[in-house]
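The values are calculated or read from the model by the stated rules, or taken from the named source; none is laboratory data. As the structure is a computational prediction, the values presented were derived from the model and not from experiment. Virtual Cβ from ideal backbone geometry, glycine too; neighbours counted across all protein chains shown. Each accessible area value is taken on the protein alone, full model and side chains, heavy atoms only, with ligands, DNA and RNA left out. Shrake-Rupley method; radii C 1.70, N 1.55, O 1.52, S 1.80 Å.
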Amino acid sequence: MRQIIKGGTVVTGSGSFPADVLIEGEKILAVGTPSEMERLGGEEAVAVDAEGCLLFPGFIDAHTHFDLHVAGTVTADDFATGTKAALRGGTTSIIDFGTQYPGESLAEGLKNWHEKADGKCSCDYGFHMSITEWTPSVCEEVQDMMDQGITSFKLYMTYDTQVDDETIFKILRRLKEVGGITGVHCENSGMIAALQEEAKKAGRLGVESHPATRPDAAEAEAIGRLLRLAEVADVPVVVVHLTCKAGYDVIMEARRRGQRVYTETCPQYLLMDDSLYSLPGTEGLKYVCAPPLRKKEDQDCLWRALEDGTIQTVSTDHCSFTTGQKLLGKDDFTKIPGGMPGVETRGTLLYTFGVDAGRISKETMCRVLSENPAKLYGLYPKKGVIAPGSDADIVILRTGVSDTITAADQIQNVDYAPFEGTKVTGCIERVFLRGTQAVKDGQVVEPGLGRFLERGKYEL
Ligand SMILES: [Zn+2]
(Lines give C-alpha, C1' and ligand atoms only; values in the text may rest on other atoms or scores of the structure.)
Protein backbone atom coordinates (compact mmCIF):
# COMPACT_ATOMS: atom_id res chain seq x y z
CA MET A 1 0.00 0.00 0.00
CA ARG A 2 1.09 3.54 -0.76
CA GLN A 3 0.47 6.46 1.55
CA ILE A 4 1.40 10.09 1.27
CA ILE A 5 1.87 12.54 4.14
CA LYS A 6 1.02 15.96 2.76
CA GLY A 7 1.73 19.51 3.76
CA GLY A 8 4.16 19.03 6.63
CA THR A 9 7.65 20.33 7.30
CA VAL A 10 10.28 17.60 7.22
CA VAL A 11 12.87 18.07 9.96
CA THR A 12 16.36 16.64 9.63
CA GLY A 13 19.49 17.13 11.71
CA SER A 14 20.85 19.67 9.28
CA GLY A 15 17.80 21.57 8.05
CA SER A 16 14.03 21.64 7.59
CA PHE A 17 11.91 22.05 4.49
CA PRO A 18 8.28 21.73 3.41
CA ALA A 19 7.79 18.38 1.68
CA ASP A 20 5.39 15.54 1.12
CA VAL A 21 6.48 12.06 2.10
CA LEU A 22 5.52 9.08 -0.02
CA ILE A 23 5.48 5.74 1.76
CA GLU A 24 5.39 2.33 0.14
CA GLY A 25 4.87 -0.59 2.46
CA GLU A 26 7.30 -0.23 5.35
CA LYS A 27 9.67 2.17 3.61
CA ILE A 28 9.88 5.79 2.57
CA LEU A 29 9.79 5.92 -1.22
CA ALA A 30 10.28 9.63 -1.80
CA VAL A 31 10.41 13.02 -0.11
CA GLY A 32 9.66 16.09 -2.20
CA THR A 33 7.32 18.68 -3.63
CA PRO A 34 3.72 17.89 -4.58
CA SER A 35 4.65 17.92 -8.29
CA GLU A 36 7.51 15.46 -7.74
CA MET A 37 5.10 13.23 -5.84
CA GLU A 38 2.65 13.43 -8.70
CA ARG A 39 5.29 12.11 -11.09
CA LEU A 40 5.81 9.14 -8.78
CA GLY A 41 2.12 8.36 -8.74
CA GLY A 42 1.45 9.93 -5.36
CA GLU A 43 -2.08 10.79 -6.49
CA GLU A 44 -3.21 7.20 -5.98
CA ALA A 45 -1.69 6.96 -2.52
CA VAL A 46 -3.81 7.20 0.64
CA ALA A 47 -3.36 10.78 1.79
CA VAL A 48 -2.65 11.88 5.36
CA ASP A 49 -2.94 15.56 6.08
CA ALA A 50 -0.04 17.06 8.03
CA GLU A 51 -0.67 20.71 7.16
CA GLY A 52 1.09 22.94 9.67
CA CYS A 53 2.85 20.03 11.40
CA LEU A 54 6.50 19.10 11.86
CA LEU A 55 7.56 15.67 10.61
CA PHE A 56 10.35 14.08 12.64
CA PRO A 57 12.01 10.73 12.05
CA GLY A 58 10.61 8.36 14.70
CA PHE A 59 12.27 9.09 18.01
CA ILE A 60 14.72 6.58 19.44
CA ASP A 61 14.99 6.04 23.18
CA ALA A 62 18.26 4.28 23.93
CA HIS A 63 17.71 4.14 27.69
CA THR A 64 14.67 2.32 29.08
CA HIS A 65 14.20 -0.18 31.87
CA PHE A 66 11.06 -2.24 31.36
CA ASP A 67 10.17 -5.35 33.39
CA LEU A 68 13.23 -4.88 35.56
CA HIS A 69 13.50 -6.55 38.96
CA VAL A 70 15.20 -4.05 41.23
CA ALA A 71 15.08 -2.82 44.84
CA GLY A 72 12.99 -5.82 45.90
CA THR A 73 10.26 -5.07 43.39
CA VAL A 74 9.66 -4.94 39.64
CA THR A 75 9.20 -1.85 37.49
CA ALA A 76 5.59 -0.81 36.96
CA ASP A 77 5.98 -0.84 33.19
CA ASP A 78 6.75 -4.03 31.33
CA PHE A 79 7.53 -4.19 27.62
CA ALA A 80 3.83 -4.17 26.69
CA THR A 81 2.81 -1.03 28.58
CA GLY A 82 6.19 0.67 28.27
CA THR A 83 6.56 0.41 24.50
CA LYS A 84 2.92 1.36 23.96
CA ALA A 85 3.46 4.54 26.00
CA ALA A 86 6.72 5.15 24.15
CA LEU A 87 4.98 4.88 20.79
CA ARG A 88 2.33 7.34 21.88
CA GLY A 89 5.17 9.68 22.76
CA GLY A 90 6.60 9.44 19.23
CA THR A 91 9.24 6.82 20.02
CA THR A 92 9.39 4.15 17.35
CA SER A 93 12.50 2.37 18.68
CA ILE A 94 13.67 1.70 22.20
CA ILE A 95 16.86 0.07 23.41
CA ASP A 96 16.48 -1.55 26.81
CA PHE A 97 19.16 -3.06 29.04
CA GLY A 98 19.47 -6.81 29.02
CA THR A 99 21.33 -7.83 32.15
CA GLN A 100 23.74 -10.60 33.00
CA TYR A 101 22.89 -11.60 36.57
CA PRO A 102 25.46 -13.28 38.85
CA GLY A 103 26.52 -16.67 37.55
CA GLU A 104 24.87 -16.12 34.17
CA SER A 105 26.40 -16.02 30.73
CA LEU A 106 25.60 -13.10 28.43
CA ALA A 107 23.59 -15.55 26.31
CA GLU A 108 21.38 -16.36 29.30
CA GLY A 109 20.91 -12.69 30.06
CA LEU A 110 19.96 -12.04 26.45
CA LYS A 111 17.56 -14.98 26.41
CA ASN A 112 15.83 -13.62 29.52
CA TRP A 113 15.32 -10.26 27.89
CA HIS A 114 13.96 -11.77 24.70
CA GLU A 115 11.46 -13.68 26.85
CA LYS A 116 10.38 -10.46 28.53
CA ALA A 117 10.02 -8.52 25.28
CA ASP A 118 9.34 -10.74 22.29
CA GLY A 119 5.79 -10.52 21.00
CA LYS A 120 4.82 -7.77 23.43
CA CYS A 121 6.29 -4.59 21.98
CA SER A 122 4.40 -1.82 20.25
CA CYS A 123 7.54 -0.15 18.91
CA ASP A 124 10.75 -1.64 17.55
CA TYR A 125 13.14 -2.73 20.29
CA GLY A 126 16.70 -3.75 20.87
CA PHE A 127 18.95 -4.41 23.83
CA HIS A 128 22.22 -3.23 25.21
CA MET A 129 23.83 -5.93 27.34
CA SER A 130 24.83 -5.06 30.91
CA ILE A 131 28.00 -6.91 31.81
CA THR A 132 28.29 -7.53 35.55
CA GLU A 133 30.76 -10.44 35.71
CA TRP A 134 33.86 -10.72 33.59
CA THR A 135 35.33 -14.15 32.88
CA PRO A 136 37.24 -15.60 29.93
CA SER A 137 34.05 -17.12 28.54
CA VAL A 138 32.14 -13.83 28.91
CA CYS A 139 35.01 -12.19 27.06
CA GLU A 140 34.46 -14.66 24.22
CA GLU A 141 30.72 -14.10 24.25
CA VAL A 142 31.10 -10.41 23.49
CA GLN A 143 31.66 -11.32 19.84
CA ASP A 144 28.51 -13.52 19.84
CA MET A 145 26.54 -10.54 21.12
CA MET A 146 27.90 -8.34 18.35
CA ASP A 147 26.90 -11.00 15.81
CA GLN A 148 23.34 -11.02 17.17
CA GLY A 149 22.86 -7.28 16.88
CA ILE A 150 23.76 -6.47 20.46
CA THR A 151 26.44 -3.97 19.53
CA SER A 152 26.33 -1.83 22.66
CA PHE A 153 26.90 -2.66 26.29
CA LYS A 154 26.36 -1.14 29.71
CA LEU A 155 28.57 -0.95 32.74
CA TYR A 156 27.74 0.30 36.21
CA MET A 157 30.25 1.98 38.50
CA THR A 158 27.76 1.77 41.37
CA TYR A 159 24.93 -0.55 42.60
CA ASP A 160 25.35 -4.30 43.10
CA THR A 161 25.78 -4.62 39.34
CA GLN A 162 29.01 -2.58 39.49
CA VAL A 163 32.31 -3.59 37.96
CA ASP A 164 35.66 -2.42 39.30
CA ASP A 165 38.27 -0.40 37.44
CA GLU A 166 40.31 -3.40 36.34
CA THR A 167 37.21 -5.04 34.88
CA ILE A 168 36.11 -1.84 33.17
CA PHE A 169 39.51 -1.53 31.58
CA LYS A 170 39.54 -5.14 30.35
CA ILE A 171 36.03 -4.78 28.91
CA LEU A 172 36.99 -1.55 27.13
CA ARG A 173 39.98 -3.32 25.59
CA ARG A 174 37.75 -6.13 24.39
CA LEU A 175 35.21 -3.68 22.93
CA LYS A 176 38.01 -2.02 20.99
CA GLU A 177 38.79 -5.41 19.40
CA VAL A 178 35.21 -6.14 18.35
CA GLY A 179 34.07 -2.60 17.52
CA GLY A 180 31.48 -2.41 20.29
CA ILE A 181 30.67 0.54 22.50
CA THR A 182 29.52 0.81 26.10
CA GLY A 183 27.42 3.25 28.06
CA VAL A 184 28.46 3.71 31.65
CA HIS A 185 26.55 4.75 34.76
CA CYS A 186 29.09 6.98 36.46
CA GLU A 187 28.94 7.52 40.23
CA ASN A 188 31.60 6.83 42.85
CA SER A 189 30.08 3.93 44.80
CA GLY A 190 32.51 4.10 47.74
CA MET A 191 31.80 7.74 48.44
CA ILE A 192 28.05 7.15 48.20
CA ALA A 193 28.18 4.14 50.55
CA ALA A 194 30.13 6.10 53.17
CA LEU A 195 27.82 9.11 52.93
CA GLN A 196 24.76 6.87 53.23
CA GLU A 197 26.23 5.25 56.34
CA GLU A 198 26.88 8.67 57.88
CA ALA A 199 23.34 9.83 57.11
CA LYS A 200 21.81 6.68 58.59
CA LYS A 201 23.92 6.91 61.78
CA ALA A 202 22.79 10.50 62.20
CA GLY A 203 19.17 9.44 61.77
CA ARG A 204 18.74 11.38 58.55
CA LEU A 205 16.57 8.78 56.83
CA GLY A 206 14.31 11.02 54.78
CA VAL A 207 14.31 11.54 51.04
CA GLU A 208 16.42 14.72 51.34
CA SER A 209 19.35 12.42 52.13
CA HIS A 210 19.10 10.96 48.62
CA PRO A 211 20.67 13.95 46.81
CA ALA A 212 22.91 14.73 49.78
CA THR A 213 24.56 11.30 49.60
CA ARG A 214 24.99 11.36 45.80
CA PRO A 215 26.72 14.71 45.18
CA ASP A 216 27.71 15.90 41.74
CA ALA A 217 31.35 15.34 42.72
CA ALA A 218 30.62 11.59 43.00
CA GLU A 219 29.40 11.67 39.41
CA ALA A 220 32.22 13.87 38.12
CA GLU A 221 34.87 11.72 39.81
CA ALA A 222 33.53 8.53 38.24
CA ILE A 223 33.27 10.16 34.81
CA GLY A 224 36.87 11.31 35.12
CA ARG A 225 38.06 7.85 36.12
CA LEU A 226 36.11 6.18 33.33
CA LEU A 227 37.49 8.59 30.76
CA ARG A 228 41.08 8.02 31.89
CA LEU A 229 40.48 4.26 31.60
CA ALA A 230 39.03 4.79 28.13
CA GLU A 231 41.94 7.03 27.19
CA VAL A 232 44.47 4.30 27.87
CA ALA A 233 42.21 1.57 26.46
CA ASP A 234 41.95 3.83 23.40
CA VAL A 235 38.24 3.44 22.77
CA PRO A 236 35.22 5.81 22.73
CA VAL A 237 32.61 5.50 25.50
CA VAL A 238 29.14 6.85 26.24
CA VAL A 239 28.45 8.70 29.48
CA VAL A 240 24.77 7.99 30.09
CA HIS A 241 22.34 10.27 31.93
CA LEU A 242 24.71 13.17 32.56
CA THR A 243 23.18 15.47 35.16
CA CYS A 244 25.66 18.18 36.04
CA LYS A 245 28.14 20.83 35.01
CA ALA A 246 30.87 19.23 37.14
CA GLY A 247 30.63 16.07 35.03
CA TYR A 248 30.28 18.02 31.80
CA ASP A 249 33.53 19.88 32.48
CA VAL A 250 35.37 16.58 32.93
CA ILE A 251 34.01 15.32 29.61
CA MET A 252 35.11 18.49 27.83
CA GLU A 253 38.58 18.13 29.33
CA ALA A 254 38.87 14.58 27.93
CA ARG A 255 37.75 15.82 24.52
CA ARG A 256 40.44 18.48 24.62
CA ARG A 257 42.93 15.65 25.11
CA GLY A 258 41.59 14.22 21.86
CA GLN A 259 39.21 11.56 23.19
CA ARG A 260 35.90 10.64 21.64
CA VAL A 261 33.22 10.76 24.32
CA TYR A 262 29.49 10.54 23.65
CA THR A 263 27.08 12.01 26.16
CA GLU A 264 23.43 11.44 26.94
CA THR A 265 21.11 13.39 29.20
CA CYS A 266 17.41 13.07 30.08
CA PRO A 267 14.40 15.44 30.28
CA GLN A 268 14.28 15.25 34.08
CA TYR A 269 17.83 16.60 34.34
CA LEU A 270 17.03 19.38 31.87
CA LEU A 271 13.77 20.41 33.54
CA MET A 272 13.69 19.44 37.22
CA ASP A 273 15.87 20.41 40.15
CA ASP A 274 16.63 19.04 43.59
CA SER A 275 14.13 21.31 45.36
CA LEU A 276 11.58 18.57 44.57
CA TYR A 277 13.18 16.41 47.27
CA SER A 278 11.99 18.98 49.84
CA LEU A 279 8.30 18.64 48.94
CA PRO A 280 6.04 17.89 51.93
CA GLY A 281 5.13 14.34 53.01
CA THR A 282 6.17 11.57 50.67
CA GLU A 283 5.88 13.66 47.48
CA GLY A 284 9.65 13.86 47.09
CA LEU A 285 9.95 10.08 46.73
CA LYS A 286 8.42 10.31 43.25
CA TYR A 287 11.49 12.15 41.99
CA VAL A 288 14.12 9.78 43.32
CA CYS A 289 16.42 8.63 40.56
CA ALA A 290 20.16 8.14 40.31
CA PRO A 291 22.11 10.25 39.73
CA PRO A 292 19.69 12.63 41.47
CA LEU A 293 18.16 15.85 40.16
CA ARG A 294 20.61 18.76 40.44
CA LYS A 295 20.53 22.58 40.38
CA LYS A 296 19.28 25.25 38.01
CA GLU A 297 22.82 26.05 36.84
CA ASP A 298 23.32 22.41 35.88
CA GLN A 299 20.18 22.53 33.75
CA ASP A 300 21.47 25.63 31.98
CA CYS A 301 24.74 23.86 31.25
CA LEU A 302 22.94 20.82 29.80
CA TRP A 303 20.68 22.91 27.54
CA ARG A 304 23.64 24.86 26.17
CA ALA A 305 25.49 21.61 25.54
CA LEU A 306 22.52 20.20 23.62
CA GLU A 307 22.39 23.17 21.31
CA ASP A 308 26.15 23.33 20.69
CA GLY A 309 26.29 19.57 20.08
CA THR A 310 28.52 18.64 23.02
CA ILE A 311 25.70 16.44 24.36
CA GLN A 312 24.53 14.14 21.58
CA THR A 313 21.43 12.31 22.81
CA VAL A 314 18.40 12.72 25.06
CA SER A 315 16.98 9.47 26.38
CA THR A 316 14.53 8.94 29.23
CA ASP A 317 16.03 6.38 31.65
CA HIS A 318 12.37 5.35 31.98
CA CYS A 319 12.26 3.20 35.12
CA SER A 320 8.79 3.53 36.54
CA PHE A 321 7.36 2.68 39.95
CA THR A 322 3.93 3.44 41.37
CA THR A 323 3.59 5.72 44.38
CA GLY A 324 2.88 2.57 46.41
CA GLN A 325 6.19 1.06 45.34
CA LYS A 326 8.00 4.30 46.11
CA LEU A 327 6.68 4.07 49.68
CA LEU A 328 8.91 1.01 50.23
CA GLY A 329 11.51 3.63 51.10
CA LYS A 330 9.45 6.05 53.14
CA ASP A 331 11.38 5.27 56.34
CA ASP A 332 14.77 4.72 54.70
CA PHE A 333 15.86 6.71 51.66
CA THR A 334 18.21 3.92 50.52
CA LYS A 335 15.19 1.66 49.96
CA ILE A 336 13.28 4.01 47.64
CA PRO A 337 13.11 2.35 44.21
CA GLY A 338 15.03 4.72 41.95
CA GLY A 339 13.60 5.93 38.68
CA MET A 340 10.79 7.77 36.98
CA PRO A 341 8.54 7.25 33.98
CA GLY A 342 9.38 9.32 30.92
CA VAL A 343 8.79 7.61 27.56
CA GLU A 344 5.38 9.14 26.97
CA THR A 345 6.37 12.79 27.31
CA ARG A 346 9.98 13.13 26.10
CA GLY A 347 9.15 14.52 22.65
CA THR A 348 6.53 17.06 23.71
CA LEU A 349 8.67 18.26 26.62
CA LEU A 350 11.72 18.73 24.43
CA TYR A 351 9.64 20.53 21.84
CA THR A 352 7.96 22.82 24.38
CA PHE A 353 10.90 23.70 26.62
CA GLY A 354 13.59 23.30 24.01
CA VAL A 355 12.38 24.33 20.57
CA ASP A 356 9.39 26.50 21.43
CA ALA A 357 11.26 28.17 24.30
CA GLY A 358 14.13 29.03 21.94
CA ARG A 359 16.77 26.97 23.74
CA ILE A 360 17.40 24.55 20.89
CA SER A 361 16.46 24.42 17.22
CA LYS A 362 14.09 21.81 15.83
CA GLU A 363 17.07 20.40 13.95
CA THR A 364 18.86 19.88 17.26
CA MET A 365 15.76 18.16 18.59
CA CYS A 366 15.92 15.86 15.56
CA ARG A 367 19.58 15.13 16.15
CA VAL A 368 19.31 14.33 19.86
CA LEU A 369 16.09 12.28 19.64
CA SER A 370 16.52 10.54 16.30
CA GLU A 371 19.60 11.01 14.16
CA ASN A 372 22.37 10.74 16.75
CA PRO A 373 20.99 7.73 18.65
CA ALA A 374 20.43 6.01 15.30
CA LYS A 375 24.08 6.54 14.38
CA LEU A 376 25.46 5.78 17.83
CA TYR A 377 23.54 2.52 18.09
CA GLY A 378 23.99 1.17 14.58
CA LEU A 379 20.54 1.93 13.15
CA TYR A 380 21.31 4.69 10.65
CA PRO A 381 20.04 5.31 7.96
CA LYS A 382 17.36 2.63 8.40
CA LYS A 383 16.19 4.73 11.34
CA GLY A 384 16.86 8.33 12.35
CA VAL A 385 16.10 10.13 9.10
CA ILE A 386 13.17 10.83 6.78
CA ALA A 387 14.73 9.90 3.44
CA PRO A 388 14.08 7.50 0.56
CA GLY A 389 14.90 3.92 1.56
CA SER A 390 14.60 4.50 5.29
CA ASP A 391 11.97 2.81 7.45
CA ALA A 392 8.76 4.83 7.39
CA ASP A 393 8.99 5.73 11.10
CA ILE A 394 7.51 9.21 11.19
CA VAL A 395 6.22 11.44 13.96
CA ILE A 396 3.65 14.09 13.05
CA LEU A 397 3.96 16.76 15.70
CA ARG A 398 1.40 19.56 15.81
CA THR A 399 2.74 22.83 17.16
CA GLY A 400 0.96 25.77 18.72
CA VAL A 401 -1.37 23.65 20.85
CA SER A 402 -2.11 23.99 24.54
CA ASP A 403 -2.06 20.64 26.33
CA THR A 404 -1.49 19.66 29.94
CA ILE A 405 0.38 16.58 31.11
CA THR A 406 -1.64 14.56 33.62
CA ALA A 407 -1.43 11.08 35.09
CA ALA A 408 -5.11 10.61 34.24
CA ASP A 409 -4.33 10.88 30.54
CA GLN A 410 -1.20 8.74 30.37
CA ILE A 411 -1.09 5.10 29.30
CA GLN A 412 2.22 4.20 30.96
CA ASN A 413 1.39 1.99 33.92
CA VAL A 414 2.03 4.52 36.67
CA ASP A 415 -0.37 6.38 38.97
CA TYR A 416 1.54 9.64 38.89
CA ALA A 417 3.10 11.86 36.25
CA PRO A 418 6.40 13.52 37.18
CA PHE A 419 5.35 16.48 35.01
CA GLU A 420 1.77 16.61 36.29
CA GLY A 421 0.14 19.92 35.37
CA THR A 422 2.92 20.97 33.02
CA LYS A 423 1.65 22.85 29.96
CA VAL A 424 3.03 21.73 26.61
CA THR A 425 2.72 23.45 23.23
CA GLY A 426 3.33 20.47 20.94
CA CYS A 427 1.34 17.27 20.58
CA ILE A 428 2.18 14.00 18.91
CA GLU A 429 -0.80 13.67 16.64
CA ARG A 430 0.16 10.65 14.53
CA VAL A 431 3.01 8.17 14.50
CA PHE A 432 3.94 5.83 11.67
CA LEU A 433 5.85 2.70 12.59
CA ARG A 434 7.36 1.11 9.47
CA GLY A 435 4.54 2.46 7.36
CA THR A 436 1.66 1.60 9.68
CA GLN A 437 -0.17 4.53 11.21
CA ALA A 438 0.07 3.18 14.74
CA VAL A 439 -0.92 6.39 16.55
CA LYS A 440 -3.94 8.41 15.37
CA ASP A 441 -5.31 11.51 17.06
CA GLY A 442 -2.82 10.95 19.86
CA GLN A 443 -4.01 7.41 20.62
CA VAL A 444 -2.31 4.08 19.93
CA VAL A 445 -4.54 2.31 17.41
CA GLU A 446 -2.17 -0.42 16.22
CA PRO A 447 -0.36 -1.90 19.25
CA GLY A 448 1.95 -4.88 19.23
CA LEU A 449 3.77 -4.32 15.94
CA GLY A 450 7.26 -3.93 17.43
CA ARG A 451 10.09 -5.93 15.90
CA PHE A 452 13.54 -6.78 17.25
CA LEU A 453 16.26 -4.45 15.98
CA GLU A 454 19.35 -5.98 14.46
CA ARG A 455 21.91 -3.28 14.99
CA GLY A 456 25.24 -2.58 13.35
CA LYS A 457 28.31 -0.95 14.84
CA TYR A 458 28.34 2.63 16.11
CA GLU A 459 28.96 5.34 13.52
CA LEU A 460 28.79 8.79 15.06
ZN1 LIG B 1 19.24 3.63 33.60
Selected residue [part of a loop (DSSP other than H, G, I, E, B), of a type in the set (Gly, Ala, Ser) and over 27 Å from Asp78 (Cα atoms)] from Ala387, Ala417: Ala387
query: Taking the stretch 288-307 on its own, how many of its residues are more than 15 Å from the ligand (Cβ to nearest atom) and in contact (Cβ under 8 Å) with a residue 60 or more places away in the chain?
result: 4
message: Any residue at all in the stretch 259-267 that's aromatic (Phe, Trp, Tyr), outside any helix (DSSP H, G or I), within 23 Å of Gly342 (Cα to Cα) and open to solvent by less than 50 Å² (accessible area, probe 1.4 Å)?
response: yes
task: Go through the stretch 421-450 and give me each residue that's acidic (Asp, Glu) and surrounded by fewer than 17 Cβ atoms within 10 Å (Cβ to Cβ).
output: Asp441, Glu446
query: Can you name the number of the only condition in (1) over 18 Å from the mean Cα position of the chain (by Cα); (2) within 30 Å of Thr348 (Cα to Cα); (3) buried (at least 20 other Cβ atoms within 10 Å of the Cβ) that Ala218 fails?
result: (2)
field: Whichever residue in the stretch 258-307 is under 16 Å from the mean Cα position of the chain (by Cα) and polar (S, T, N, Q) and, among such residues, is farthest from Thr348 (Cα to Cα)
entry: Thr263
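For (1) among the small types (Gly, Ala, Ser); (2) more than 20 Å from Asp391 (Cα to Cα), each residue gets a yes or a no:
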{"site": "Ile23", "(1), (2)": "no, no"}
{"site": "Glu26", "(1), (2)": "no, no"}
{"site": "Ser35", "(1), (2)": "yes, yes"}
{"site": "Phe56", "(1), (2)": "no, no"}
{"site": "Asp61", "(1), (2)": "no, no"}
{"site": "Phe66", "(1), (2)": "no, yes"}
{"site": "Asp78", "(1), (2)": "no, yes"}
{"site": "Thr91", "(1), (2)": "no, no"}
{"site": "Phe97", "(1), (2)": "no, yes"}
query: Based on what the data block shows, is Ala305 assigned to a helix (DSSP H, G or I) and farther than 22 Å from Gln443 by Cα?
result: yes
field: Output for the stretch 221-246, where each listed residue is open to solvent by less than 10 Å² (accessible area, probe 1.4 Å) and small (Gly, Ala, Ser)
entry: Ala222, Ala230, Ala233
message: Looking for something among the hydroxyl-bearing types (Ser, Thr, Tyr), free of Cβ contacts under 8 Å to residues at least 40 places away in the same chain and open to solvent by 10 Å² or more (accessible area, probe 1.4 Å) - is there at least one such residue anywhere in the stretch 87-109?
response: yes
query: Looking only at the stretch 293-323, which residues are acidic (Asp, Glu) and on the phi < 0 side of the Ramachandran plot?
result: Glu297, Asp298, Asp300, Glu307, Asp308
- request: Six or more apart or on different chains, Cβ under 6 Å: which pairs go from a residue in the stretch 50-72 that's within 16 Å of the ligand (Cβ to nearest atom) and part of a loop (DSSP other than H, G, I, E, B) to one that's open to solvent by less than 20 Å² (accessible area, probe 1.4 Å) and among the hydrophobic types (A, V, I, L, M, F, W, C)? Could you list them?
  value: His65/Cys319; Phe66/Phe79; Asp67/Phe79
message: Under 6 Å between Cβ atoms, which residue pairs at least 6 apart in sequence (or on different chains) link something in the stretch 336-362 that is among the charged types (D, E, K, R) with a partner that is within 15 Å of the ligand (Cβ to nearest atom) and open to solvent by less than 10 Å² (accessible area, probe 1.4 Å)?
response: Arg346/Pro267; Arg346/Thr316
field: Within the stretch 227-243, considering residues that are among the hydrophobic types (A, V, I, L, M, F, W, C) and away from the ligand (no atom under 16 Å from the Cβ), the one farthest from Asp317 (Cα to Cα)
entry: Val232
query: Limited to the stretch 114-130, what total is found for residues that are touching a Phe, Trp or Tyr at 6+ places or on another chain (Cβ under 6 Å) and crowded, with 24+ Cβ neighbours inside 10 Å?
result: 5
query: Does the stretch 308-352 hold any residues that are more than 16 Å from the ligand (Cβ to nearest atom), closer than 30 Å to Arg256 by Cβ and crowded, with 17+ Cβ neighbours inside 10 Å, and which are they?
result: Ile311, Gln312, Leu350
message: Return the pair list, or none, for Cβ contacts closer than 6 Å from residues in the stretch 19-38 that are in a strand (DSSP E or B) to residues that are of a type in the set (S, T, N, Q), at least 6 apart or on different chains.
response: Ile23/Gln3; Ile28/Ser390
task: Six or more apart or on different chains, Cβ under 8 Å: which pairs go from a residue in the stretch 172-195 that's over 20 Å from Thr213 (Cβ atoms) and within 16 Å of the ligand (Cβ to nearest atom) to one that's β-branched (Val, Ile, Thr) and open to solvent by 30 Å² or more (accessible area, probe 1.4 Å)? Could you list them?
output: none
message: Restricting to the stretch 131-156, count the residues that are open to solvent by less than 10 Å² (accessible area, probe 1.4 Å) and under 20 Å from the mean Cα position of the chain (by Cα).
response: 8
- request: Considering only the stretch 181-234, state which residues are hydroxyl-bearing (Ser, Thr, Tyr) and closer than 24 Å to Leu285 by Cβ.
  value: Ser189, Ser209, Thr213
